[in-house]
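Visitor: Below is a structure I'd like to ask you about.
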Amino acid sequence: MVLLIENKILDTVESDLLISVLNSDYIVSKASHFTQISPISLSSSSGKIIHTSQREKATVMPDNVDYLGSSEATSCHIVFLRSSTTSKAVCAHVDSEGSTNESFKILIDSFSPQELSQGIEVSIFGGFCDEHDRSVDVAIALLEHLHASPHKFHLLQACILTLNNHETGKAHIMLPIITSVAMHVKDGSILPVKFSDDSKGPEQALRNGRFTCDEGLTEVFDIQNNCLTLKPFRYSPIAQSRSLLKANDQDLLDLLSTTPHAESENFTKTLRDTLQFWIDNPEPNKYFEDHPNRTYHWDQEAKTWKQN
């Protein structure tokens, strides 16, 4: 059980793990500083960006990608793992399905035994004091996996839950401060960001439907061939997609979001795009049979992903 903060082993029982992290002076200080940083804007002109959607992970090297990150994490968490020796980096957008034992193993398998033996840097963002404690469940699962692993993990940041929470209005509504982050892969620095639509990569309507399947985390970047790869998966279209598409934004949020009051302005547009995709493509097997080539390479001159 090797989870370290400031190179000191976090020596605590599992039941006190979350409290120990949230009360760490080092973690509190880092989170306080991070939540005061103004987000930078990322677009396709910013360079080669890998944006992971919910239940996606991407594994990259510094010579593969400029920025690696994710967005729209309310009760979900964005997890970065980085080798202290090779600088290989992983970003995952994790919900309750993505925090299972199987999904954690997928994260760890991104690294070689040698990389794991030298230690892995970990930074976690997202989650807040939501009324149903969904954020807490995800955070506890992630920290317990790290704590129980035989490998050495250096926890650099945990801008989560109470450290990523603020009240707003007379109703004392809780909201997350940080929901979108990106790593500058070459130096490992992480900042709050605003992703433009064109920076999130291809086939967002398809990819944002992963929350309906039970496959855990899925790798979306082929590190060997340096391309974005979307493997077939069994999305499950919601039966009432047509009627939901006609609903107003608030009803759509109430019906399909776990944290309707905390979502971004862009969230309902994203939902509507996915609902329309399901209406047009109700059968995942047929869709992937008709569209078998789901790999994309980055065209540096055009500043866009192009299908291979």
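Read-outs: derived from the displayed coordinates by stated rules, not from any lab. On a predicted model such as this, the values are computed, not experimentally measured, just so you know. A quick note on method: Cβ atoms are made from the backbone with ideal geometry, for glycine too, and the neighbour counts reach across all protein chains shown.
Visitor: Report the calculated FRET efficiency for Asn248 and Asn308 (r = Cβ-Cβ distance, R0 = 35 Å), to the nearest 0.05.
Guide: Details: r = 40 Å, r/R0 = 1.14.
About 0.30, to the nearest 0.05.
Visitor: What's the local net charge at Val185, with K and R +1, D and E -1, over the other residues with C-beta under 10 Å away? Walk me through the intermediate numbers first.
Guide: Working: positive: Lys48, Arg82, Lys88, Lys186; negative: Asp63, Asp66, Asp187.
Around Val185, the charge tally is +1.
Visitor: Give the calculated FRET efficiency between Asp187 and Lys152 to the nearest 0.05, with a Förster radius of 25 Å applied to their Cβ-Cβ distance. Show your work: numbers first, answer last.
Guide: Working: r = 22 Å, r/R0 = 0.87.
Step by step, r from the Cβ atoms, then E = 0.70.
Visitor: Per the helix-only calculation at 222 nm, which mean residue ellipticity applies to the chain, given -39500 (n - 2.57) for every DSSP H run of n ≥ 4 and division by its residues, nearest 500 deg cm²/dmol? It would help to have the intermediate numbers written out before the result.
Guide: Details: 10 runs with 82 residues, N = 308.
Here the helix-only value at 222 nm equals -7000 deg cm²/dmol.
Visitor: Under unit Cβ charges (Lys, Arg +1; Asp, Glu -1), what dipole magnitude, rounded to 20 debye, does region 139-250 have relative to its Cα centre? All intermediate terms of the calculation are to be shown ahead of the outcome.
Guide: Details: 11 positive and 11 negative charges, 41 e Å.
In total the dipole reaches around 200 debye.
Visitor: Among Met183, Met174, which comes first, second and so on when ranked by fewest other beta-carbon atoms within 10 Å?
Guide: On the way: Met183 25, Met174 18.
Ranking Met183, Met174 by Cβ neighbours within 10 Å, fewest first, gives Met174, Met183.
Visitor: Of all beta bridges DSSP finds with both residues in the chain, what is the antiparallel percent, to the nearest 5?
Guide: Values: 39 of 58 bridges.
The answer is about 65 percent antiparallel.
Visitor: Taking the Cα centre of region 1-113 as origin and charging only Cβ (+1 Lys, Arg; -1 Asp, Glu), how large is the dipole, in debye to the nearest 20? Walk me through the numbers before you get to the answer.
Guide: Details: 8 positive and 13 negative charges, 69 e Å.
So the magnitude is around 340 debye.
Visitor: While we're looking at this one, here's another question. Among Ser46, Ala262, His77, whose Cα projects farthest towards the positive end of the dipole of the chain, with charges put on the beta-carbon of Lys, Arg (+1) and Asp, Glu (-1)?
Guide: Positive-end residue among those listed: Ser46.
Visitor: Give the label of the value calculated from the structure for Cα extents along the principal axes in Å, choosing from [x] 54, 44, 43; [y] 66, 40, 39; [z] 53, 51, 34.
Guide: Among [x] 54, 44, 43; [y] 66, 40, 39; [z] 53, 51, 34, the one calculated here is [z].
Visitor: Relative contact order of region 2-307: what whole-number percent is it, with Cα pairs under 8 angstrom and at least 6 residues apart? Walk me through the numbers on the way to the answer.
Guide: Values: 593 pairs, mean separation 68.8, N = 306.
Relative contact order for region 2-307 comes out at 22 percent.
Visitor: Return the lysines within reach of Lys30: Cα separation strictly under 17 angstrom, same-chain partners fewer than 8 residues apart disregarded; answer none if there are no such residues.
Guide: Partners within reach: Lys8.
Visitor: What is the dipole size for the chain, taken about its Cα centre, with +1 at each Lys and Arg Cβ and -1 at each Asp and Glu Cβ, in debye to the nearest 20?
Guide: Working: 26 positive and 41 negative charges, 115 e Å.
It works out to roughly 560 debye.
Visitor: Using the structure shown, select from Lys246/Lys286; Lys48/Lys269; Lys57/Lys105; Lys194/Lys303 the pairs with a Cα to Cα distance greater than 20 angstrom.
Guide: Flagged as over cut-off: Lys246/Lys286; Lys48/Lys269.
Visitor: To continue, here is another question. Rounded to the nearest 0.05, what FRET efficiency is calculated for Gln240 and His33 with R0 set to 45 Å and r the Cβ-Cβ distance?
Guide: Numbers: r = 44 Å, r/R0 = 0.99.
Efficiency, rounded to the nearest 0.05: 0.50.
Visitor: Give me Ile106, Ile173 sorted ascending by neighbouring Cβ count inside 10 Å, so fewest comes first.
Guide: Working: Ile106 18, Ile173 12.
In increasing order of surrounding Cβ atoms, one gets Ile173, Ile106.
Visitor: Taking the Cα centre of the chain as the origin and placing charges on Cβ (Lys, Arg +1; Asp, Glu -1), which of Trp305, Ile37, Leu217 is farthest toward the positive end of the dipole?
Guide: Trp305
Visitor: May I pose another question? In the chain, if the dipole is taken from +1 on Lys/Arg beta carbons and -1 on Asp/Glu beta carbons about the Cα centre, which of Ser236, Ser196, Asn281 is farthest to the positive end?
Guide: Ser196
Visitor: Whose amide H sits under 5 Å from the amide H of Ala182, counting only residues 5 or more places off or on another chain, with H placed in the peptide plane?
Guide: It is Leu191, Val193, by chain and number.
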